[in-house]
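Working notes, beginning with the structure itself.
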Amino acid sequence: MTLLTSALVGIAALVALAGASHLLLHVFQQEHYEARRLYLWISQAYGVRLALPEAGLLVVAGTACAVGANASGVVGVVLAVGLVAMAARAARVVWTRETIKPLVFTPRARRLFGLQLAIAVLVLAIAVVLGGDSAVGPAVTGAVGAVLLLVAPWLLGGVVNRMLRPVQQADNRRFLRSAEQRLRDVRPLVVGITGSYGKTTTKACVTEVLELLGPAYPTPASFNSTLGVVRAINEGLQPQHQSFVVEMGAYRRGDVQELCDLVHPRIGVLTAIGPAHLERFGSLDVTEQAKGELADALPAEGLFVTRADDERTLRVARTRSAARALLFAPAPHPDADVWAEDVRLENGRTHFTLVARASGDGGASGDGGAAAGEQRADVRARLLGDHNVANLLAAAAVGIGHGLALADVARALGRVTPPDHRLAPIVNRAAGIVVIDDSYNANPEGAAAALGVLRDHPATRRLLVTPGMVELGAREQEENRRLGELAAGVADIAILIGARGEDVAAGMRAAGAPEERILVLPDGPAAHAKVAELTRSGDVVLFENDLPDVYA
């Protein structure tokens, strides 16, 4: 009977560990399987959310078995309660936890999850056998289960991940060779795009412009890591593609260089150097070094496009690129080759005049009436926000630098549709409200621009929903307070979420916003419920940034 009890305690531990491992694997995957980032999350959330409650229940159940081995009724009740509680919590983690980006059971994820549970089964089985029929057997199994729960993050990120590394590396090499061969076969014009923000929207703009030359293929969604780009090449790059537009993400120095070594870009676009992911880079100087790797990799006959109105991007263009540089600015600037004039919002579109210097336009032609040495064309873009003017200009510079006519480039920019969740307006005609979905934006410049769109949109009331911004390092609290100060002048009601939402609220109060306009709620579901409760016909609601699940 005691052996059966030990086995039941072991099963309870395994069920609880499965739930914990599912949660940990979800975080691990979102952190690109970086053990260091997983451990950082553990220090902030893991013990409170899962491990300590389950471990405590196991210890209680096991101790009850040891102390009251002859009181089978009491022990049975304690074990039953423990089993049900642990199984229920594990089920909640796996099936009912709301996520923004769910866990995807890729082959790598399946291997990690399977080996984690296999090790747990082996260890628990040994504990059950060693405990045998002794009165302390269930206590031993419970204690082992508790330890497994408490060390589960290190088991996954350290032991299991290291054990499977040779398998993963072999897979990576195979996929990499396949991608390299496909690039050699197709030989597209490769455009690399990196920067602290604006990459995905700029990718959409550049793709539309390069469609003027023939079929262009952008890396899908946010596939911007080396393995993501490898997958994009193997699954989507076809012989008919004339151009390949590659979004290049970076969390450390060397990431962009690794991507360049894979795809060998002839054109590079550096959108911006700013505080996004500052928590990972540590300083803007390191960010500049990392993003500048794209400029380093371009051939002398290539083209490097970046901002003229930023000291850091300008320095990269002047000191690190052997390629011809074409500089853009969202307003007239002495160093700019391409810029915008007369920017305005009309009838739900961003209108501006696209201007290019004739000396650097690569043969562009545009509308008449231009000043000497300049070419001009009107742009009527579907993208909203001042920051998107810069993204459109970057794409224009790519087209102009590649010899496309300015008027054709301007028309192409007018065809660009907003990428999902990036200032995409959604009209609910039945309810009479407009939702501006900017939930994939998480940087100070973009957030300020989004508030500008909210301010300029016709509305009876303007509502802001945001959890604030993350990964801004030491500047995070300051930037969230600044966001609140800006929101105070725009939002009639601000629905703020979590700890960073408190920082936004503090900024609103500092700017004089009355308390009745500020609502701070604990999580996203509560915020969404409040939006449904408060909105009425004529309202415009801006959803600014959805935090990744690791911050939820």
- Would you mind calculating the gained length between residue 474 and residue 283 on full extension (0.36 nm times residue separation, minus the Cα-Cα distance), in nm to one decimal? 67.8 nm
- Message: Sort 233, 42, 426, 518 by Cβ crowding within 10 Å, fewest neighbours at the top.
- Response: 426, 42, 518, 233
- Item | Highest average packing first - 161-167, 401-407, 466-472, 296-302, Cβ atoms within 10 Å | 466-472, 401-407, 296-302, 161-167
- Excluding residues on the same chain fewer than 8 positions from residue 291, give the lysines whose Cα lies under 24 Å from its Cα. 199, 203
- Any chance you could tell me what percent of the C-alpha pair distances in segment 187-414 go past 23 Å? 42 percent
- Query: Arranged by the count of other C-beta atoms within 10 angstrom, fewest first, what order do 154, 41, 339 take?
  - Reply: 154, 41, 339
- What is the packing order of peptides 342-355, 179-192, 255-268, taking the mean over residues of other C-beta atoms within 10 Å and listing the highest first? 255-268, 179-192, 342-355
- Cα centroid separation, segment 487-537 to segment 112-163 (Å): 45 Å
- Query: Which order, highest average first, do 519-527, 505-513, 196-204 follow once you tally other Cβ atoms within 10 Å for each residue and take the mean per peptide?
  - Reply: 196-204, 505-513, 519-527
- Task: Neighbouring Cβ atoms within 10 Å as the yardstick, rank 6, 222, 537 fewest first.
- Result: 537, 222, 6
- Taking Cα pairs under 8 Å and at least six residues apart, what relative contact order does segment 424-544 come out at, in percent? 37 percent
- Message: Testing the spin-label approximation: label points 7 Å from Cα along Cα→Cβ at residue 333 and residue 533. State their distance in nm.
- Response: 4.6 nm
- Mind running the shape call on segment 212-296? Use the C-alpha gyration tensor, a ≥ b ≥ c as the square roots of the eigenvalues: rounded below 1.5 for a/c, prolate if a/b tops b/c, oblate otherwise. prolate
- Task: Report, in whole Å, the centroid distance computed from the Cα atoms of segment 284-306 and segment 180-235.
- Result: 17 Å
- Note on the structure: Looking only at aspartates and glutamates whose Cα falls under 20 Å of residue 530's and that sit 8 or more positions away or on another chain, we get 98, 437, 438, 492, 502, 503, 515, 516, 539, 544, 546
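No value in this document is a laboratory result; all are computed from the given coordinates. If you're wondering where the values come from, they're calculated on a predicted model, not measured in any experiment. Every residue, glycine as well, gets a Cβ built from its backbone with ideal geometry; the counts of neighbours run over all protein chains shown.
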